[in-house]
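The values are calculated or read from the model by the stated rules, or taken from the named source; none is laboratory data. What you see is a predicted model; the values in this text were computed from it and never measured. FYI the Cβ positions are ideal-geometry reconstructions off the backbone, even for glycines, and counts take in every protein chain you see. For the accessible areas, the whole protein counts, side chains as well, though only heavy atoms, and no ligand, DNA or RNA atoms are used. Shrake-Rupley method; radii C 1.70, N 1.55, O 1.52, S 1.80 Å.
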Amino acid sequence: VSQSRYEGADRLQNIVETMISLNEIQNEKIKLLSTSTSLFSLTSQVIKELKETAIQKNLNIFLIEPIYDIPNIRIDSLKVYEVLKGIIKNAIKFTSEGSITITFEKNLKEIIIKVSDTGKGIPEVGLKNLFNKFYHYKTSALNMEEGLGIGLYICKKIMEAHGGSIEVKSKEKEGTQV
């Protein structure tokens, strides 16, 4: 069986899983199965899964180990895994050279994971709608990037269901941080 058939099957599976998640969100039926989870370990697993994709694009992925203890937190690890995977996949997709760096911060109320890339960045006009359903920002008429325009919307809703948030900072030609 050719590689393109496997890739086609993977794309179809991703579309089906995305549509199931979207249906849950639209029906306000996000069910969280929370367990005590290490965000660092979870992020490491995502990177392990996506490492080959980054290597194929000659990109480096850096996971910076926190200098302080990041406690386990109660989350739905499968859903948060999909959020991390979606964010890091986007960073790989929209970075043509350079790297993706994942760092952790913690304050009294929250743990913050930052995914920064050296990609093409997003102009100000594209940022305000980035987390809207079916929004897919195209950086040029020639941009043929794939996507349904619902991945970031789903990520945002999953984070909100956990009592968290998701934000983006970006500058054109300098990269993006989510």
Worksheet item: Among (1) at pLDDT below 95; (2) among the aliphatic types (A, V, I, L, M); (3) part of a helix (DSSP H, G or I); (4) buried (at least 18 other Cβ atoms within 10 Å of the Cβ), where does Val46 come up short?
Response: (1)
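Quick grid of which residues meet (1) closer than 20 Å to Lys157 by Cβ; (2) touching a residue at least 12 places away in the same chain (Cβ under 8 Å):
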| residue | (1), (2) |
| --- | --- |
| Leu42 | yes, yes |
| Leu59 | no, yes |
| Ile64 | no, yes |
| Asp69 | no, no |
Item to complete: Examine the range 107-124 for a residue that is more than 17 Å from the chain's Cα centre (by Cα), modelled with pLDDT of 90 or more and over 22 Å from Gly151 (Cα atoms), and state whether such a residue exists.
Response: no
Practice prompt. Give the residue that is modelled with the lowest pLDDT, with candidates limited to residues of the range 24-39 that are of a type outside the set (Asp, Glu) and open to solvent by 50 Å² or more (accessible area, probe 1.4 Å).
Written response: Asn27
Item to complete: Identify all residues within the range 64-94 that are open to solvent by 30 Å² or more (accessible area, probe 1.4 Å) and aliphatic (A, V, I, L, M); write none if there are none.
Response: Ile64, Ile67, Ile73, Leu78
Practice prompt. Scan the range 152-168 and report the pairs whose first residue is free of Cβ contacts under 8 Å to residues at least 60 places away in the same chain and open to solvent by 50 Å² or more (accessible area, probe 1.4 Å) and whose second residue is hydrophobic (A, V, I, L, M, F, W, C) and assigned to a helix (DSSP H, G or I), with Cβ atoms within less than 7 Å and a gap of 6+ or a chain change.
Written response: Ser165/Met159
Item to complete: Return the pairs, sorted by first residue and then second, in which the second residue is in a strand (DSSP E or B) and surrounded by 17 or more Cβ atoms within 10 Å (Cβ to Cβ), the first residue lies in the range 81-104 and is touching a residue at least 12 places away in the same chain (Cβ under 8 Å) and on the phi > 0 side of the Ramachandran plot, the beta carbons are less than 9 Å apart, and the residues are 6+ apart or on different chains.
Response: Gly98/Asp117; Gly98/Gly175
Fill in: Matching residues in the range 95-120 - criterion: being small (Gly, Ala, Ser), in a loop (DSSP other than H, G, I, E, B) and open to solvent by less than 40 Å² (accessible area, probe 1.4 Å)
Gly98, Gly119
Item to complete: Tell me, yes or no, whether the range 51-63 has at least one residue that is open to solvent by 80 Å² or more (accessible area, probe 1.4 Å), farther than 16 Å from Gly151 by Cα, among the aromatic types (Phe, Trp, Tyr) and part of a strand (DSSP E or B).
Response: yes
